[in-house]
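The values are calculated or read from the model by the stated rules, or taken from the named source; none is laboratory data. What you are looking at is a predicted structure, and each value in this text was computed from that prediction instead of being measured. Glycine also receives a Cβ, built like all others from the backbone with ideal geometry; neighbour counts cover every protein chain displayed. The accessibility values were calculated without ligands, DNA or RNA, using every heavy atom of the protein model including side chains. Shrake-Rupley method; radii C 1.70, N 1.55, O 1.52, S 1.80 Å.
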Amino acid sequence: SLASTAITCFTTGLDLRRGTEDVLCPANCPLWQFYVFGDGVYASLSSVCGAAIHSGVITNAGGAVRVKTLPGQENYPAVNANGIQSQVLSRWASSFSVTAGTKNTALEAVGRSVSTARPSTGKRPKKTLDKKAGNKDCKADIAFLIDGSYNIGQRRFNLQKNFVGKVTVMLGIGTEGPHVGVVQASEHPKIEFYLKNFTAAKEVLFAIKELGFRGGNSNTGKALKYTAQKFFSLENGARKGIPKIIVVFLDGWPSDDLEEAGIVAREFGVNVFIVSVAKPTTEELGMVQDIGFVDKAVCRNNGFFSYQMPTWFGTTKYVKPLVQKLCSHEQMLCSKTCYNSVNIGFLIDGSSSIGESNFRLVLEFVSNVAKAFEISDIGSKVAAVQFTYDQRPEFGFTDYATKEKVLSAIRNISYMSGGTATGDAISYITRNVFGPVKDGPNKNFLIVLTDGQSYDDVRGPAAAAQKAGITVFSVGIAWAPLDDLKDMASEPRESHTFFTREFTGLEQMVPDIIRAICKDFLDSKQ
């Protein structure tokens, strides 16, 4: 049989060359970063390991998969399965299916990869290594925002500490697992310890035991806002690309307003959970500032982010369900990922050398890139400008708030035909399209598509765009000169410059561009 090829979480069907290929998926791929199109039969743009998990061939523990190349098709459906939401794609040139790989190939490949990972040292040491690493399946940076107000009192405060301790142990804290910190909410918030302070459950338990009760009003809103803004910095131990979570414990109700804090937390990409204990009784409701306080503070008001316990007594049975929620990556809808936190502006060459049918292929490329992102009023945004000697804004970042509307706007772009002034066009889109969003939360990307020599200087305008915080990708087709493409592209130029001789080659570039955007996003992200 063929030897298996070890692949990465991001390998797509397009990366595989043979008609049937045996591959080995790694363990612990972050589910929320997969993009998969279809169900059963997947567009070749899809992640192979993502498709294998989606179809149930393997779990997130990885394993052997046989990939079979199939012809392209129309209408790949979107289906949610095994923690992965696949996406719709109207048409793609090739597909693949996945089945379980054979055991012997799996063994060969496993033998290979394990021996390179580290020499085997018998049974015992391995165990301690794993314990130190923690639960790798649960990647999360968590702040427990505990209630230290007079509402809760010293005795229940101690029961709360016990509960947080049990949650901590079950999470499986470790160098490669979840990291936790604690903030106490009372009159004024106090960060008790940060994510970076401890990487072993024993140390955390000790630190929790030592926490002193502060007392005061339960200014949970103030504490939540403070935690969202201050707690998750890189210097305090937050890790790139890992979901940020705040678990708010509330005994009774807050003395202040949570709505603004909830908005701030969402802007900072933090997933807020509220654990409410001893909810206000009917008689007490009159004293609550805002009865809907839970719904306003949580990440999404979908039931997943709120959790109730009747009292602080006998809480052991509530530990595991809470831990399962905190470890469900794919449910962390407020995390900032490259898919939901970018603005992508397309600068589309409409010069007469392209012609109507090739222009359609360019628009299909634009659609396929846009399709991979979660476009919404609070998510990613897309804009397009067509240029010849003049510029024609097709639509701006705030014109369409759904993916469907953006895709239909792209389809409806009509071909201008004319000359090529790429430099002017870059200046135009920098000023008029990116200008209005430059202070927003999203990271800005410009993709310049051109098939020829520009009549004006591109270097100056591209440098100005980069200075304004825009990452520039240049995509050249046919006669586009490599020097121009490199002059426009952001550093490192090699990974921001793309070229294809034929317009039909654009399709193959889609996953590479998406991956490059995601890489830049992660590299830049606090």
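Here are a few things to note about the model shown:
- Furthest towards positive pole of dipole, 465, 42, 323, structure part the chain, Cβ charges: 323
- Derived scalar couplings ³J(HN,Hα) [region 374-380; Karplus, 6.51 cos²θ - 1.76 cosθ + 1.60; whole Hz; x for Gly, Pro]: 8, 8, 6, 5, 10, x, 6
- Sequentially through region 69-86, phi angles give Karplus couplings (6.51, -1.76, 1.60; θ = phi - 60°) of 6, 10, x, x, 8, 9, 6, 6, x, 9, 9, 8, 8, 6, x, 10, 9, 7 Hz, Gly and Pro residues having no value and appearing as x.
- Cα centroid separation, region 468-512 to region 302-350 (Å): 35
- Which of 452, 375, 352, positive extreme of dipole for region 342-523 (C-beta unit charges): 375
- Rounded tilt (10° steps) of 123-133 against the dominant C-alpha axis of the chain: 90
- Distance from region 147-171 to region 1-80 (C-alpha centre basis), Å: 44
- Here residue 468 and residue 267 are evaluated by their C-beta separation; at R0 = 22 Å the FRET efficiency comes out at 0.55.
- Length gained when the stretch residue 491-residue 402 is fully extended (0.36 nm per residue, less Cα-Cα span): 28.9 nm
- Solvent-accessible ranking of 479, 253, largest area first, probe 1.4 Å: 479, 253
- Contour excess over end-to-end distance, with Cα ends at residue 90 and residue 522 and 0.36 nm allotted per residue: 152.6 nm
- Accessible area of the chain belonging to carbon and sulfur atoms, whole % at 1.4 Å probe: 54
- When only the Cβ of Lys, Arg, Asp and Glu is charged (+1, +1, -1, -1), the dipole of the chain relative to its Cα centre reaches about 2540 debye.
- Unit charges at the beta carbon, dipole of the chain: most positive-side option, 386, 509, 254: 254
- Amide H to amide H distances under 5 Å link residue 395 with 384, where only residues 5 or more positions off or on other chains count and H is placed in the peptide plane.
- Residues whose amide H comes within less than 5 Å of that of residue 39, counting only those at least five positions distant or on another chain, are absent (H built at 1.01 Å from N in the peptide plane).
- Largest first and in whole Å, the equivalent-ellipsoid semi-axes of region 342-523 read 21, 18, 16, each the square root of five times a Cα gyration tensor eigenvalue.
- Remark on residue 70: its backbone amide H falls under 5 Å from those of 95, 96, 97, a criterion applied only to residues 5 or more positions apart or on other chains, H modelled at 1.01 Å from N.
- If you plug the beta carbon distance of residue 197 and residue 431 into 1/(1 + (r/R0)^6) with R0 = 45 Å, you get a FRET efficiency near 0.45.
- Among 382-393, 303-314, 18-29, the peptide with the highest mean count of other Cβ atoms within 10 Å heads the list, and the full ranking is 382-393, 18-29, 303-314.
- Cα gyration tensor category, rounded, prolate or oblate, for region 141-331 with a/c compared to 1.5: rounded
- Think of a 1.4 Å ball rolled over the protein heavy atoms: region 141-331 then has 42 Å² of accessible area per residue.
- Extension gain (nm, one decimal) between residue 356 and residue 455, 0.36 nm per residue minus Cα-Cα: 33.5 nm
- Between helix 103-117 and the chain: long-axis angle, C-alpha atoms, 0 to 90°, nearest 10: 70
- Per-residue Karplus couplings for region 141-147, computed as 6.51 cos²θ - 1.76 cosθ + 1.60 with θ equal to phi - 60°, are listed in order as 10, 10, 9, 8, 9, 8, 8 Hz, Gly and Pro entered as x.
- Among 371-381, 342-352, the peptide with the highest mean count of other Cβ atoms within 10 Å heads the list, and the full ranking is 342-352, 371-381.
- Charged-residue dipole, Cβ positions (Lys, Arg, Asp, Glu), region 342-523 about Cα centre, Debye nearest 20: 380
- In this structure, residue 378 and residue 20 have a Cβ-Cβ separation that, at R0 = 51 Å, corresponds to a calculated FRET efficiency of about 0.75.
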